[in-house]
Every structure is written in C-alpha cells, then in structure tokens.
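*Asks:* Below is the structure I would like to discuss, written out as structure tokens.
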Amino acid sequence: MIMRHPNRRHEAVLSAVLLVLALFIGLINPGFFSAEAAFDLLRSSTVIGLFALGVLVALVAGGIDVSLPAIAAFCLYTTALFGGAFGVADHPVLALGLAGLTGAVLGTMNAFFIHQFALPPLIVTLGTASLIRGGLLAFVGTRIVTDLPESMAAFSHPAAFAGSGPGGAPVGGLVVSFLMFAMAAAGVAFLLGRTTLGRGIHALGGAPESARRMGLPIARLRFIAHGLAGFLAGLAGLAHASQMRNANPFDLVGTELTVIAAVVLGGASVAGGRGTVTGTVLGVLILVLVETGLVIVGLSSQWHKVVLGGILLLSVATTVRRVSRAAWREGMA
Amino acid sequence: MALLEIIGIGKRYDGVCALEDVSMRLEAGEVHCLAGENGSGKSTLIKTLAGVIHPDSGQILLDGRVLPPLRPPDARRLGIQVIFQESSLFPQLSVAENLAMGGARLSGFVNWRVIRRLAREALAKLEVEIALDQPVAGLSTANKQVVAIGRALLQQTRVLIMDEPTAALTGRDVEVLFSVVRRLKESGVAILFVSHRLDEMLRISDRFSFLRGGRLVATGPAADFDHAAITRHLTGQDPSPPPPRGGPRNDDPLLRVRSLRGAIVQDASFDLAAGEIVGITGLRGAGQAELALLLSGARARTGGEVLLAGASLPNGDLPATLAAGIAYVPEDRLTEGLALDQSLAFNLASATLSSFGGWGGLVRGTDIAAHAQHWLNDLGVRAPSPKLPVRALSGGNQQRVALGKWLCTRPRVLILNGPTVGVDVGSKRAIHDRLRALASQGLAVLLISDDLTELAESCQRVLVMHQGRIADTLIGDGWNDRTLAAQLNQLR
C-alpha cells in the first residue's frame, strides 16, 4: 500500500490554493503579475513569517505562544532605544544579536512558567504578553523612536534585484529582512526535520509522557523551543521596525491572531507534535495574498477580521476532523 | 549464565513494601511471563529494570556482571528495552518518524534515507508490512505494538520487557504479536511479558514467575502450571468452580430486538429475558461494539426496532433510553466511562445527578457522599475516601466504579462492553459474581466480550456475530471456551 505522508498532501492542497488566489488577484488587477508586486508580497510576509516560525516551533513542542508580538515590541523598542543611545548595536549583526537575545530570554521566561508550574502555555503566554507590554510602557518608555539607528534601518535595504527610483535611489527588490526570514525558515526546517533535537521537540509535543519515558530531557526541550520562539520574535520585531522606519512600543498589537491562523492553516496541529515549515510558509503567503485580495476587491478592514477568524476556525476544524475520522476508522476497523 | 539476573531486589514506598527479596533469572531466547495482580509489585519490578526507579536493596546482573544504579538511558544503552502498555509511541507522527525516535541524544542529525532503510529492515525482520509514511494513530493496536517493538530493535535489544502487551488486542491481533515475539525469541532476545491474560501467556511463555504482595511466590517452566495453579499463585486461593449454566428461558422477554440495522450491524434480531446473562462475541469489528451503541441510543439505528417490555424505544436518544431502563457501561472506562480527575463520589453520582438536585437545582453534597459510601461498600471498592480522584485507583477498582455509576440508575437491562479488560483476576471474579447476583435479582445483562473464558463462565447464551449479522447462537451445555475459540477461528 502506497501512502503519502499527510503533511505532503496538505502542502500540495495549500500550493494549489495559493496558485488559484494569485490567478484570481491577477485577473482583477493585471499589475499584480510583476516582479515589483512579487517582492512586495515577500516583504509583507517577512514579519508575519518570522512570527509564524516562532509559533510553529511552540506548537510542535506542544505549546502555543501568544506573547510573541509583545516580545517583538519589547525587542524592537529596547534595541532602538539602547542601540541608538549607547551605540551597543551600531552594526546590523549586533542589532540582530541584541534583539534576538532579548527575545530568547523573554521566551525562556515563558518556558519557565510552563515547565516549573505545569501551566497551560496559552494562559502563561497571555500573562507574559500583558506583563511584557505593560513593563515596556511603564519602565522603558512610551515615546516613539523616529530616528531609527542605521544598524536597524539597514534591514529594509534592498539586498538584491533592486530597481532605481526617482533620483537614482534603490527601491524595491528583495530586502535584507526577507533574506533573514528565508534563512530563519531554512534553519527552523533543518532543526525540526533533520536534527535529533528537532525530533525530540516533535516527541515532546505529540506525547509528553512517551517522551519522558524515552528519557528525553523535557525541561531542556521546552526551554529551547520557547527560547527559539522568543528569538524569532526578536527578529520579527527588528524586521517590523526597519519596515516602519520607527520603533513604536504600542505596535504589533493583535498580530498573534493572524500568525496563529497562518500556522494552523499551514497544517500544524494545535494539539502539538505536528507541523512543517513548508506548510507554515504557504499559510503565511496565503493569508498575505488574501489580505491583498481583500484590499484590491475593496472590502473594508473589518471584513479582514471576519475572513481571518473564518480561516482560523475552518482550518482548525478540518484538522480536528482529519484526526477524528482516522480515530473513528481505527475504532471500527 | 543467565542473560539478566536479579538478586534480592527490595523496594519500599513510605514504609509500604512494594518488592521484597525478589530474585529472578532471564535467559537469552526465552519468553518469560511475569504474572501478578494489581499491587503485586510487577510495575515496580519493571520500572526497576528500566532504570526508572532505584531499588533499596539487591543487585541486577547482566552477563554475570553487577550493574551500577541505572537511569533510563543507561538501561537502554545496555539493551534493556521496555514497551509500556501505553505512552510509548507518538500517534501524530508517521511510522518512520516513530522508528527514528531511538536515542535520547539531542546533539545529532537525522538522515532520513538511512532511517527509512533501517526501518524497512527492522519491519522486514519482524515479517510485517506497514507503510512507513502512515501516521501511527491510524494503525491497528497490534501494529502499534509492532512499531514499538521495531523501535526497540533499531537499537540493539537484548532484553525486551512488555507490559500487558495483549491487553488491548483481540484474536488475530494477538497472533500477529505472538509471531513477532517468536521471531525475536529465535534471534536470542530475552522477552519478559507482564500480563493478566494467562490463557494467552500459557501459549507463548517458556517460564512463569508469579508475584504476590511484592514477593516471588512461584517460578518454573510453563508446563508445570495449569489454569488452577495459575489462579492459586495469583490470588493465593483456589479457583471457585463456575456455577452451572442455566438453560434457555421461556419467560416473556424483557428486551426484544427486531431487524436492527446500523452502519455495520445488519438485521440483528434477538430476545433478552429478565435474569438472563447473554454474551455477544465475534471477531473485532463484527458489529458487537456498534450493537451496544445502537441499543443504548448512543448511535441512531438505520432500521429495525427495539422493544423494552413491549414498548418501542426512541431512536438515537440516549437520555430517553437510559430513563426507560437500558444502561450501557462503555468499553473504554478511561475515556468514555469515568471522569478520572473527579472524585469517586462525583463519578458514582454523575449518571443520576438530577436525583441529587435540591432546592433551586443546587446539589446536596451530603447525599452524594452518603450515596458514594453505600455504593463503594456494595461494590467492594477498597478506597480510603470517596473524595479521592478515580485516577488514584487500580484498574479493577476503576471498573467497579464505572459499573456502579450505571447500576445506580437502577437499570432493567445492563449492557457491558469488555467489563474486565485490563482488570486483575481478583477484581474480575468480583465483577462476575456481582453480575450473577444482579441477574438473579432480575436484571437482564448483555455482556460483550472477547474473553471467551469469561463468556463461558458467565453467560447462559452467547450470540456470535460475523460481518454485522448474528451468525450463531450458542445455548445449553454444548459449548465451552475452546469450542467457541475454534468457531471464531473458522470465521477468519
């Protein structure tokens, strides 16, 4: 009996959906089929994509993380503030390191509460999200940093395929932050799929008791997974700030819903232990395309929320149905 | 020299003795059955060998060398693999991914080509065909165990310990597992089976060891033990002879089932009289499970009629069916029968909760407690307090609570599905005695079971189902568990 891995099948369906969406948008607006529009789409996917990778890792590890946008806001603001003031991040690599590490530390804080007190990850990250946001505004500052350090702004510079705009300044093309996202995606894919650490994270997420009995270091795996999610949120914050050309501590509120919708649409299981980077990236691209489509069709922004919520519920429902149907077959077989 | 030898192992928990001076030998190429009731110390002994817990005294020897205190990864590295009854696989992952979950190392890379090749080789060695990309959740229970065994084999395995391997298996699945075990045995692996299902163990085991109250009470070649001896060693008492089987009843039937149809069940018709215990069996998936769901109203029937004392029962309406007097004790007490984290008292009251409603719908706590105490005594559940969560009880006691929960609805017809699966011999007998007592008081019992001995000892009549139909009805003294087993084999 030849059976394809269910992940592959789901990814094939998503690719088809993506293609149909692109064709649909292109029919309405022929300008969509251009290199410029493609680069635009990729740039819009960067921030959501980095968040999505973080949520994917958390989901595969059997958790979830709704604090990532709060972590990102914290990282982008502190990096801009202290990077600008003290020059500790006056090179893009240093900025990346600072934002990423801050995120990783905040992520391990989530892991600490989840592991130490055996709390549900959703509740923990809801709590830390509020804590981090409140703490940022109360102790760090509320002023929007408009003079973003050059080391952060550099992430929105074109890295390749740039055209020249009026006055000869480079515009469009693939931006640095997208390359960062692409590398992060490849890195997470390799980690989850090809390393024993990644397989351990799958094991933890799918059946924690089995993982414990296999002798896997549960605590270490949780800290690594949530720390990595926080790290990716730090990068997302950096990418966001560079695109916005400012560092706004009030930014990125409510992004978690879009991100979770993208990851779940990409086939990751909310019950843990299953999910792929390919699926997640496809899910992100589809959501970004849907938003583009809604703008082109001319629907107002409240409709975006309706569509988003619908996609989230629909994709969770189909995953759950897939699983329960398999269980029913098993029970009656 | 024995491959694995334990000498004088002892372990106490809070002053309570779990194991006392247990010594045992395990030879290469031997299937050794470790039998004992719940609380006899079997689990403690396995966990000791797996390195999960450390004994207070005694030694473990591998190849004649004394082993230092073990941690789980050490035990695995030495080739001692334990397959626990549940929780050893990852259902959401594919077969190949599960097989790749070998070591506990975190610093390494995964080469899927190599893993797939090794996985294919491991499954080929076991002579089973399982698609590597199939999710484990979709496998049969037997194949799940084969995957667990395959995973153990991918690391070098010298001692394979299986905890209740056949508890969730039926007929053919047991054969699949046993043929795999025989192949392992030929390749020189020492296999330690821990089991309640001793008829099956008699067929495959070379040696038996019996634990009771934390002590090893008997050990020897399998040929030295017969059914009676096994029961004696397990319980410390001689088995009571089964009561004589009653003849067919001529009373007016209490329950009439006419041309019942469902997704699997086809045209099932039978009668059930008050005071009768009727068994239903068949190969797995022959429709027994669905029949129970249809009769209890948990699933809507697509045709036919069910009459209780002459009155037709509504279709697919569980509350109304229950109110009319048909109670169904589900197969899986863990997921369908009991709320494991809730107290004994709440579980016992949950099927009849409305009768505890006081003024304004508030629940009267004192009544629930009194009710619980009454039923715990009645069922012989040994529990220090009715406030304890059900999870804290042994399997046998949990099953009694599940039974009690439905009995307090005062049913006229009781349907049970696998009431003694995973239950120790003592509790099993208590449950059987209880059912007979209830029947003699006028309860009609429908007992769905794969345990043929259970059917032969408890039922006056057995309906054999095949492909959704009632293929045969066994009445009177012309059948026993062996003829029934032969009959089921012919249906394959």
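*Asks:* When you check B:ARG400 against the structure, is it open to solvent by less than 30 Å² (accessible area, probe 1.4 Å) and more than 24 Å from B:LEU307 (Cα to Cα), yes or no? If you could, list the steps in order and put the result at the bottom.
*Replies:* On the way: open to solvent by less than 30 Å² (accessible area, probe 1.4 Å): yes; more than 24 Å from B:LEU307 (Cα to Cα): yes.
Taking the combined requirement at face value, the residue satisfies it.
*Asks:* Do you know which residues across region B:67-97 are under 24 Å from the mean Cα position of the chain (by Cα), of a type in the set (S, T, N, Q) and farther than 20 Å from B:ILE6 by Cβ?
*Replies:* Step one: of region B:67-97, the residues under 24 Å from the mean Cα position of the chain (by Cα) are B:81-92.
Now narrow it down to the ones that are of a type in the set (S, T, N, Q): B:81, B:85, B:87-88, B:92.
Residues satisfying the conditions are B:GLN85, B:SER87, B:SER88, B:GLN92.
*Asks:* Also, quick follow-up: Of everything in region A:11-43 that's within 22 Å of the chain's Cα centre (by Cα) and acidic (Asp, Glu), which residue is surrounded by the fewest Cβ atoms within 10 Å (Cβ to Cβ)?
*Replies:* A:ASP40
*Asks:* Can A:VAL93 be described as within 20 Å of A:SER242 (Cα to Cα), open to solvent by 40 Å² or more (accessible area, probe 1.4 Å) and in contact with a Phe, Trp or Tyr (Cβ under 7 Å, 6 or more places away or on another chain)?
*Replies:* Working: within 20 Å of A:SER242 (Cα to Cα): yes; open to solvent by 40 Å² or more (accessible area, probe 1.4 Å): yes; in contact with a Phe, Trp or Tyr (Cβ under 7 Å, 6 or more places away or on another chain): no.
Here the answer is no, as A:VAL93 does not meet what is asked.
*Asks:* If I ask for residues that are open to solvent by 10 Å² or more (accessible area, probe 1.4 Å), part of a helix (DSSP H, G or I) and over 17 Å from A:ILE114 (Cβ atoms), which ones from region A:240-259 would you list? Please lay out each step first, then the result.
*Replies:* Let us first name the residues in region A:240-259 that are open to solvent by 10 Å² or more (accessible area, probe 1.4 Å), namely A:240, A:243-246, A:248, A:250-258.
Next, from what is left, pick out any that are part of a helix (DSSP H, G or I): A:240, A:243-244, A:255-258.
Answer for region A:240-259, where residues must be open to solvent by 10 Å² or more (accessible area, probe 1.4 Å), part of a helix (DSSP H, G or I) and over 17 Å from A:ILE114 (Cβ atoms): A:HIS240, A:GLN243, A:MET244, A:THR255, A:LEU257, A:THR258.
*Asks:* What's the number of the condition B:ARG299 fails, among (1) open to solvent by 10 Å² or more (accessible area, probe 1.4 Å); (2) at positive phi?
*Replies:* For B:ARG299, the failing item is (2).
*Asks:* Which of the helices (runs of 4 or more DSSP H) found entirely inside region B:1-120 contain at least 2 residues meeting this: open to solvent by 30 Å² or more (accessible area, probe 1.4 Å)? Lay out the reasoning, then the answer.
*Replies:* Values: elements: B:42-50, B:72-77, B:95-100.
Correct list: B:42-50, B:72-77.
*Asks:* Name the residues in region A:247-273 that are within 14 Å of chain B (Cβ to nearest Cβ) and under 13 Å from A:VAL316 (Cα atoms), would you? Please lay out each step first, then the result.
*Replies:* We begin by selecting, within region A:247-273, every residue within 14 Å of chain B (Cβ to nearest Cβ); these are A:267-273.
Those that are within 14 Å of chain B (Cβ to nearest Cβ) and under 13 Å from A:VAL316 (Cα atoms): A:GLY267, A:ALA268, A:SER269, A:VAL270, A:ALA271, A:GLY272.
*Asks:* Considering (1) surrounded by fewer than 16 Cβ atoms within 10 Å (Cβ to Cβ); (2) in a loop (DSSP other than H, G, I, E, B), say which one B:SER354 fails and leave the rest.
*Replies:* (2)
*Asks:* Scan region B:125-146 for residues that are within 18 Å of B:LEU160 (Cβ to Cβ) and surrounded by fewer than 17 Cβ atoms within 10 Å (Cβ to Cβ) and report the count.
*Replies:* Selection size over region B:125-146: 2.
*Asks:* Follow-up question, since we're still on this one. Among the listed residues B:LEU160, B:LEU132, B:LEU184, which satisfies the condition of being in a strand (DSSP E or B), over 20 Å from the mean Cα position of the chain (by Cα) and modelled with pLDDT of 85 or more? Before the answer, list the steps.
*Replies:* Details: B:LEU132 fails: in a strand (DSSP E or B); B:LEU184 fails: in a strand (DSSP E or B).
Answer to the selection: B:LEU160.
*Asks:* Another question, then. Give the residues of region A:197-239 that are of a type in the set (A, V, I, L, M), within 7 Å of chain B (Cβ to nearest Cβ) and assigned to a helix (DSSP H, G or I), sorted by residue number. Talk me through it step by step, then tell me what you get.
*Replies:* At the first step, the residues of region A:197-239 found to be of a type in the set (A, V, I, L, M) are A:197, A:201, A:203-204, A:207, A:211, A:214, A:216, A:218-219, A:221, A:224-225, A:228-229, A:232-233, A:235-236, A:238-239.
Still in the running and within 7 Å of chain B (Cβ to nearest Cβ): A:197, A:203, A:207, A:214, A:216.
A:LEU197, A:ALA203, listed by residue number.
*Asks:* Also, I was wondering about something else. When the residues of region B:452-468 are filtered to those that are closer than 18 Å to B:ARG482 by Cβ and small (Gly, Ala, Ser), which remaining residue is surrounded by the most Cβ atoms within 10 Å (Cβ to Cβ)?
*Replies:* The qualifying residue surrounded by the most Cβ atoms within 10 Å (Cβ to Cβ) is B:SER458.
*Asks:* Can you find a residue in region B:418-432 that is outside any helix (DSSP H, G or I), over 22 Å from B:GLY285 (Cβ atoms) and at pLDDT below 85? Before you say what the answer is, go through the steps one by one.
*Replies:* Going residue by residue through region B:418-432, those that are outside any helix (DSSP H, G or I) are B:418-424.
Right, trim to over 22 Å from B:GLY285 (Cβ atoms) and you get B:423-424.
This time we only want the ones that are at pLDDT below 85, so: B:423-424.
Yes.
*Asks:* Related question: Can you tell me which residue within region B:57-92, out of those that are β-branched (Val, Ile, Thr) and away from chain A (no Cβ under 11 Å), is farthest from A:GLY200 (Cα to Cα)?
*Replies:* Initially, region B:57-92 is screened for residues β-branched (Val, Ile, Thr), giving B:60, B:66, B:80, B:82-83.
Then drop every residue that is not away from chain A (no Cβ under 11 Å), which leaves B:60, B:66, B:80.
Working: B:ILE60: 30, B:VAL66: 32, B:ILE80: 21 Å.
If we take residues in region B:57-92 being β-branched (Val, Ile, Thr) and away from chain A (no Cβ under 11 Å), then B:VAL66 is farthest from A:GLY200 (Cα to Cα).
*Asks:* Among the residues of region B:131-152, count how many are more than 10 Å from chain A (Cβ to nearest Cβ) and without any contact (Cβ under 8 Å) to a residue 60 or more places away in the chain.
*Replies:* 5
*Asks:* List every residue pair whose Cβ atoms sit under 8 Å apart, with the two residues 6 or more apart in sequence or on different chains, where the first one lies in region B:279-305 and is within 14 Å of another protein chain (Cβ to nearest Cβ) and under 20 Å from B:ALA486 (Cα atoms) and the second, anywhere, is open to solvent by 10 Å² or more (accessible area, probe 1.4 Å) and among the hydroxyl-bearing types (Ser, Thr, Tyr).
*Replies:* Short answer, once both residue conditions are applied: B:LEU283/B:THR170; B:ARG284/B:THR170.
*Asks:* So, A:ILE48, is that one of a type outside the set (Ser, Thr, Tyr) and out of contact with any Leu (no Cβ under 8 Å at 6 or more places or on another chain) or not? Outline the logic, then answer.
*Replies:* Details: of a type outside the set (Ser, Thr, Tyr): yes; out of contact with any Leu (no Cβ under 8 Å at 6 or more places or on another chain): no.
Against the criterion (of a type outside the set (Ser, Thr, Tyr) and out of contact with any Leu (no Cβ under 8 Å at 6 or more places or on another chain)), A:ILE48 does not qualify.
*Asks:* Could you tell me whether any residue of region B:441-461 is at pLDDT below 90 and within 26 Å of B:ALA370 (Cα to Cα)?
*Replies:* Yes; the residues of region B:441-461 include at least one that is at pLDDT below 90 and within 26 Å of B:ALA370 (Cα to Cα).
Residue-wise test of (1) touching a residue at least 24 places away in the same chain (Cβ under 8 Å); (2) open to solvent by 50 Å² or more (accessible area, probe 1.4 Å); (3) on the phi < 0 side of the Ramachandran plot; (4) not polar (S, T, N, Q).
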| site | (1), (2), (3), (4) |
| --- | --- |
| B:ALA345 | yes, no, yes, yes |
| B:THR366 | no, yes, yes, no |
| B:ASN377 | no, yes, yes, no |
| B:ARG382 | no, yes, yes, yes |
| B:ALA392 | no, yes, yes, yes |
| B:THR409 | yes, no, yes, no |
| B:VAL421 | yes, yes, yes, yes |
| B:SER427 | yes, no, yes, no |
| B:LEU447 | yes, no, yes, yes |
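*Asks:* Before we move on, is A:LEU287 within 14 Å of chain B (Cβ to nearest Cβ), among the hydrophobic types (A, V, I, L, M, F, W, C), in a helix (DSSP H, G or I) and under 30 Å from A:ILE144 (Cα atoms)? Can you show your working first?
*Replies:* Working: within 14 Å of chain B (Cβ to nearest Cβ): no; among the hydrophobic types (A, V, I, L, M, F, W, C): yes; in a helix (DSSP H, G or I): yes; under 30 Å from A:ILE144 (Cα atoms): yes.
So A:LEU287 does not fit the description; no.
*Asks:* Given (1) modelled with pLDDT of 95 or more; (2) among the hydrophobic types (A, V, I, L, M, F, W, C); (3) under 21 Å from A:PHE190 (Cβ atoms), identify the lone condition not met by A:LEU96.
*Replies:* For A:LEU96, the exception is condition (1).
The values are calculated or read from the model by the stated rules, or taken from the named source; none is laboratory data. Just so we're clear, the structure is a prediction, and the values are computed from it rather than from any experiment. When we count neighbours, we look across all protein chains shown, and the Cβ atoms used for this are built from the backbone with ideal geometry, even at glycine. These area figures cover heavy atoms from the full protein model, side chains too; ligands, DNA and RNA do not enter into them. Shrake-Rupley method; radii C 1.70, N 1.55, O 1.52, S 1.80 Å.
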